[in-house]
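To start, the structure itself, in structure tokens.
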């Protein structure tokens, strides 16, 4: 089975000049197709984001109203040199962070941010991030300075969290490849099997 890097190379080679000529499409048609690719990927990306929000809703479901915080805009992030959110300890039952962990460009800062999310959560944390191994990741997350993660990077983040919390890693696929990972972390006393209180 080829590695993801091999798949990317195959896909790039597939659009070489000989392939384009063999498909007998005019240059105008190819320009139109190439202009449509980012739009199609953005539409699929929006569907993925909605599915991540749905997954968070399932993760945080309970038998009484839950107090949840969803962080999904850059302006909600604390500065990387002082990672501290303006909330009290255990202020929210559940905390979700969608597509922002990778904006902290070092492993240490990503761990500090996860610890901060756990500090303000009473029951658990839900974090989603683009998969750096997805062949279309630069269209999913076009910012070049991001510290994109894969499953092993995420495991390395969780392994150094205090108390070794229970966690699970899920994924969403985009065009057949894992496009997003979502990490679910339960605080002690709240596990995947126990109902929310």
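The values are calculated or read from the model by the stated rules, or taken from the named source; none is laboratory data. Not measured: the values here are computed from a predicted model. Virtual Cβ from ideal backbone geometry, glycine too; neighbours counted across all protein chains shown.
For this structure, a couple of remarks:
- Against the conditions (1) in contact with a strand residue (DSSP E or B) (Cβ under 6 Å, 6 or more places away or on another chain); (2) assigned to a helix (DSSP H, G or I); (3) free of Cβ contacts under 8 Å to residues at least 40 places away in the same chain, residue 95 satisfies every one except (2).
- Of the candidates 106, 129, the single residue that is touching a residue at least 40 places away in the same chain (Cβ under 8 Å) and surrounded by 18 or more Cβ atoms within 10 Å (Cβ to Cβ) is 129.
- All positions within the range 5-55 that are within 30 Å of residue 71 (Cα to Cα) and either at pLDDT below 50 or touching a helix residue (DSSP H, G or I) at 6+ places or on another chain (Cβ under 7 Å) (or both): 38, 41, 45
- Set 117, 69: member being touching a residue at least 12 places away in the same chain (Cβ under 8 Å), in contact with a strand residue (DSSP E or B) (Cβ under 8 Å, 6 or more places away or on another chain) and assigned to a helix (DSSP H, G or I): 117
- From the list 165, 135, the lone residue that is in contact with a strand residue (DSSP E or B) (Cβ under 8 Å, 6 or more places away or on another chain), surrounded by 15 or more Cβ atoms within 10 Å (Cβ to Cβ) and farther than 21 Å from residue 44 by Cα is 165.
- Checklist (1) part of a strand (DSSP E or B); (2) without any contact (Cβ under 8 Å) to a residue 40 or more places away in the chain applied to residue 179, failing item: (2)
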